[in-house]
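Right, one structure below, let's go through it.
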Amino acid sequence: MALTLTRSGALRLRAEKLFPGGVNSPVRAFRAVGGEPPFVVRGEGAYLWDADGNRYIDYFGSWGPMILGHAFPPVVEAIKKAAANSASFGASTQAEGDLAELVTGAYPSIEKLRFVSSGTEATMSAVRLARAFTNRKYIVKFEGCYHGHADGLLVKAGSGVATFGIPGSAGVPEEVAHFTLALPFNDIVAVEAAFENHPGQIACIIVEPIVGNAGCIPPAPSYLQALRTLTAQHGALLIFDEVMTGFRVAFGGAQELYGIRPDLTTLGKIVGGGLPVGAFGGRAEIMDQLAPLGPVYQAGTLSGNPLAMAAGIATVGYLRDHRAEVYAKLEKLSATVADGVASAAASAGIPLTTNRVGAMWTWFFTAGPVTNYEQAAQSDTKRFAAFHRAMLNAGVWLPPSQFEAAFTSTAHTDADIQQTVDAARQAFAAMSKES
Ligand SMILES: *Cc1c(COP(=O)(O)O)cnc(C)c1O
């Protein structure tokens, strides 16, 4: 067989010499699904094109941000305009206030906020702030939730940590992990027990209100309300990590959808319209503990970067102004593709559990149900990998891990959805023949 290297293949060989695993973020390497990760040269609307000229329907949307599709003209224009005035000042600008007002308008629980450059920074800073505000050391998180890669949050984490089956990260001292209590999601008794066993010691509960980083796992009815009640009772803060769910499941995120008011909220992904932005915010009396007003230090050379603010304003402003039609369209597209693939699997006799909230969902290759990480981990990841490869070959790019959520954008069309469901039907037919 002649060894003809694709352009993506050649780029990968070079990248593997330059970057650990060939990538700048682990799950991009396709280790969990096998096959050749395409190198992307361009995106437009719902499509990506790789270095070999192949087109893909994109269902990972840069892992969340691209809710309006790639190269959405108002976002492109806003970035160009901002860039012409210089990429960065390290001084305050009007744009920061403009994006902040869009955020506080969407999230009434956020009285004051601070912009950072990633979700990781947002969650790390929110936890530091919660510890300072309560003068307590312990934090509660949930198995399979991912809150960025700060030391204390890499305990039983989701996303790439779950994908590669890493129990906790090397390089995190036991003494640091000791203060992180990782509990099963959707189990309120476990939370009650944690408060009983650590009286007056738990600073905060940080939670993905709809888990996305173990695959999509919705909260059980009244679970989030119970977290709100328990934290208030015990003087701990409730942090909603809405880096993924914010502006995705509703304009006002999961807190709008379920009617819960957390003390602190972290945002990222969509809020930056594809540029590196995160934010954390909440009650003013807590936020005012930050320097220069208070004793909690947190800073960033590029925080509130003008290009990033411009992309965020264009994206979030569009979502606000077209709110009703955007979220109705996302719901319809997502329901059609999620249910269409689910019934194709059922016809082929392949056990599949579909969890979905709005424009965020996961097809778990297990009979289910999937209500926590332990159940998600029952999925047949080999089957998922085969499905992923078949779909990619058919021009459909799904997130390359069983433990990640898929997304639609407003740029997806009914024809894209139909092509996706047809591709899934063929993939399942081939898979059921093999087994
Ligand atoms: C993506 C994500 C993060 C981390 O954000 P980065 O910008 O990748 O650092 C944190 N929390 C949740 C819920 C996320 O989905």
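Among all positions in the stretch 101-116, there is no residue which is under 30 Å from residue 292 (Cα atoms) and in contact with a Cys (Cβ under 7 Å, 6 or more places away or on another chain). The criterion of being touching a residue at least 40 places away in the same chain (Cβ under 8 Å) and assigned by TED's automatic domain parsing to the domain that holds residue 273 does not hold for residue 173. Taking residues in the stretch 57-74 that are in contact (Cβ under 8 Å) with a residue 60 or more places away in the chain and part of a loop (DSSP other than H, G, I, E, B), and partners anywhere that are within 12 Å of the ligand (Cβ to nearest atom) and among the aliphatic types (A, V, I, L, M), the pairs with Cβ atoms closer than 7 Å and at least 6 places apart or on different chains are 64/244; 64/270; 65/270; 67/270. From the list 152, 160, 119, 105, the lone residue that is more than 14 Å from the ligand (Cβ to nearest atom) and on the phi < 0 side of the Ramachandran plot is 105. Taken over the stretch 418-435, the criterion of being open to solvent by less than 20 Å² (accessible area, probe 1.4 Å) and of a type in the set (Gly, Ala, Ser) is satisfied by 423, 424, 427. The residues in the stretch 83-100 that are of a type outside the set (A, V, I, L, M) and in a helix (DSSP H, G or I) can be counted, and the count is 4.
Scoring residue 111 on the criteria (1) away from the ligand (no atom under 16 Å from the Cβ); (2) without any contact (Cβ under 8 Å) to a residue 60 or more places away in the chain leaves a single failure, condition (2). Checking each residue of the stretch 204-219 against the condition of being within 15 Å of the chain's Cα centre (by Cα), under 25 Å from residue 280 (Cα atoms), within 16 Å of the ligand (Cβ to nearest atom) and surrounded by fewer than 24 Cβ atoms within 10 Å (Cβ to Cβ) gives at least one match.
Within the stretch 251-281, the set of residues being within 30 Å of residue 196 (Cβ to Cβ) and within 14 Å of the ligand (Cβ to nearest atom) comprises 254, 255, 262, 264, 265, 266, 280. Scanning for something at pLDDT 95 or above, crowded, with 21+ Cβ neighbours inside 10 Å and under 25 Å from residue 406 (Cβ atoms), does the stretch 180-190 turn up at least one residue? Looking through the stretch 180-190, at least one residue is at pLDDT 95 or above, crowded, with 21+ Cβ neighbours inside 10 Å and under 25 Å from residue 406 (Cβ atoms).
Kindly check whether there is at least one residue in the stretch 103-111 that is aliphatic (A, V, I, L, M), open to solvent by 40 Å² or more (accessible area, probe 1.4 Å), in contact with a Gly (Cβ under 9 Å, 6 or more places away or on another chain) and modelled with pLDDT of 95 or more. Scanning the stretch 103-111, I find no residue that is aliphatic (A, V, I, L, M), open to solvent by 40 Å² or more (accessible area, probe 1.4 Å), in contact with a Gly (Cβ under 9 Å, 6 or more places away or on another chain) and modelled with pLDDT of 95 or more, so the answer is no.
Can you confirm whether the stretch 187-200 contains a residue that is within 16 Å of the ligand (Cβ to nearest atom) and either outside the structural domain of residue 374 (by TED's automatic domain parsing) or of a type in the set (Lys, Arg) (or both)? So far as the stretch 187-200 goes, no, none of its residues is within 16 Å of the ligand (Cβ to nearest atom) and either outside the structural domain of residue 374 (by TED's automatic domain parsing) or of a type in the set (Lys, Arg) (or both).
Of all the residues in the stretch 402-432, those that are in a loop (DSSP other than H, G, I, E, B) and within 22 Å of residue 348 (Cα to Cα) number 1.
Restricting the search to the stretch 131-150, which residues are under 18 Å from residue 214 (Cβ atoms) and open to solvent by 10 Å² or more (accessible area, probe 1.4 Å)? Those that are under 18 Å from residue 214 (Cβ atoms) and open to solvent by 10 Å² or more (accessible area, probe 1.4 Å): 143, 146, 149. Could you tell me which numbered condition residue 44 fails, if it satisfies all but one of (1) surrounded by fewer than 16 Cβ atoms within 10 Å (Cβ to Cβ); (2) more than 16 Å from the ligand (Cβ to nearest atom); (3) over 23 Å from residue 416 (Cα atoms)? Tallying (1) surrounded by fewer than 16 Cβ atoms within 10 Å (Cβ to Cβ); (2) more than 16 Å from the ligand (Cβ to nearest atom); (3) over 23 Å from residue 416 (Cα atoms), residue 44 fails exactly one: (3). For beta carbons closer than 8 Å, sequence separation of 6+ or different chains, a first residue in the stretch 11-25 that is not assigned by TED's automatic domain parsing to the domain that holds residue 51 and a second that is open to solvent by less than 70 Å² (accessible area, probe 1.4 Å) and of a type in the set (Val, Ile, Thr), there are no qualifying pairs.
Scanning the stretch 350-401 for residues that are of a type in the set (Phe, Trp, Tyr) and either in the same structural domain as residue 246 (by TED's automatic domain parsing) or open to solvent by 20 Å² or more (accessible area, probe 1.4 Å) (or both) turns up just one, 373.
Against the criterion of being surrounded by 24 or more Cβ atoms within 10 Å (Cβ to Cβ), in the same structural domain as residue 204 (by TED's automatic domain parsing) and away from the ligand (no atom under 11 Å from the Cβ), residue 125 qualifies. Of all residues in the stretch 231-250, one or more are away from the ligand (no atom under 15 Å from the Cβ) and farther than 30 Å from residue 136 by Cβ.
Residues in the stretch 57-102 that are farther than 21 Å from residue 322 by Cβ and within 16 Å of the ligand (Cβ to nearest atom) were compared, and the one that is least open to solvent (accessible area, probe 1.4 Å) is 59.
The values are calculated or read from the model by the stated rules, or taken from the named source; none is laboratory data. Every value quoted in this text rests on a predicted model; they were computed, and no experiment measured them. Positions of Cβ are backbone-derived with ideal geometry, glycine not excepted, and every protein chain shown enters the neighbour counts. When the accessible area is computed, the model is the full protein with side chains, heavy atoms only, and any ligands, DNA or RNA have been set aside. Shrake-Rupley method; radii C 1.70, N 1.55, O 1.52, S 1.80 Å.
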